[in-house]
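To start, the structure itself, in structure tokens.
The values are calculated or read from the model by the stated rules, or taken from the named source; none is laboratory data. For clarity, every value in this text was computed on a predicted model and none was experimentally measured. Positions of Cβ are backbone-derived with ideal geometry, glycine not excepted, and every protein chain shown enters the neighbour counts. Heads up: the accessible areas ignore ligands, DNA and RNA and are worked out on the full protein's heavy atoms, side chains in. Shrake-Rupley method; radii C 1.70, N 1.55, O 1.52, S 1.80 Å.
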Amino acid sequence: MHGGATVKRGLVVVALVLVALQIALGGWTSANYAAFACATDYPTCLQQWWPQTDFREAFVLWRGIGVNYEGGVLDGPARTAIHLTHRWFALLVAGHVLILAVKAMRQPATRNYGRAIAALLVVQITLGIANVKFGLPLWNATAHNGVAAALLFALIALLARTTPAPR
Ligand code: HEM
């Protein structure tokens with residue numbers, strides 16, 4: 001049976017996958033010291049819309065044992081590619097999650113979940129942009145990490161709410 005009074009489960013699952021991928025991209029951004037790969041420019045990057053990038057080097061996931069990663073090992077264009085991927089993927093995440101949040105808000109049973117998810121998303125994007133604009137203040141970077149977890153949690157809560165009870 002499909003409960004017509006809740007948002008479609010598939011939409012929530014897709015949102016969870018997108019947010020999980022975005023979190024992985026964020027981790028990759030900080031782990032590769034790519035937070036400043038666009039200097040403090042947003043929405044442009046190094047004062048351009050499409051600066052030099054190196055996507056091939058950017059996503060080499062395994063470089064063997066013994067590499068010292070302190071400070072990062074990638075050159076500028078590879079870091080820029082990572083940073084821009086995290087930025088642009090955020091748009092896709094935001095589009096999907098906002099549509100989901102609005103649908104959830106329209107149903108009384110999930111209204112507050114929808115509100116919470118929309119609010120967390122707006123805060124998260126703002127913190128992301130502030131990371132770049134203000135040169136990564138520690139509290140801002142920490143909040144950006146924490147709100148990502150809260151967003152994931154809120155989506156899991158909504159998933160539980162849209163799962164039919166076992167008979
Ligand atoms: C739904 C959207 C987003 C999610 C879920 C998300 C999540 C994350 C996560 C989990 C991290 C890793 C934090 C860490 O390792 O401490 C991160 C890093 C980062 N994010 Fe996002 N992010 C989002 C959108 C954005 C946007 C729109 C920007 C704007 C440019 C942005 C800029 C950054 C930067 C610069 C870092 C690196 C921070 C560092 O080096 O500590 N994020 N993001």
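Below are the figures for this structure:
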| quantity | calculated |
| --- | --- |
| Residue within the stretch 2-12 that is in a strand (DSSP E or B) and of a type in the set (S, T, N, Q) present | no |
| Which listed residue, of Ala150, Ala116, Ala165, is of a type outside the set (S, T, N, Q), modelled with pLDDT under 95 and open to solvent by 30 Å² or more (accessible area, probe 1.4 Å) | Ala165 |
| Cβ-Cβ under 7 Å pairs, at least 6 apart or on other chains, the stretch 10-27 side within 12 Å of Thr85 (Cα to Cα), far side open to solvent by less than 50 Å² (accessible area, probe 1.4 Å) and more than 9 Å from the ligand (Cβ to nearest atom) | Leu25/Thr85 |
| Residues located in the stretch 21-44, provided they are within 18 Å of Leu127 (Cβ to Cβ) and more than 9 Å from the ligand (Cβ to nearest atom) | Thr40, Asp41 |
| Near pairs, Cβ below 6 angstrom, 6+ apart or cross-chain, from the stretch 119-139 (open to solvent by 50 Å² or more (accessible area, probe 1.4 Å)) to any residue that is more than 6 Å from the ligand (Cβ to nearest atom) and not in a helix (DSSP H, G or I) | Lys133/Thr40 |
| Residue within the stretch 22-37 that is in contact with a strand residue (DSSP E or B) (Cβ under 8 Å, 6 or more places away or on another chain), open to solvent by 70 Å² or more (accessible area, probe 1.4 Å) and part of a loop (DSSP other than H, G, I, E, B) present | no |
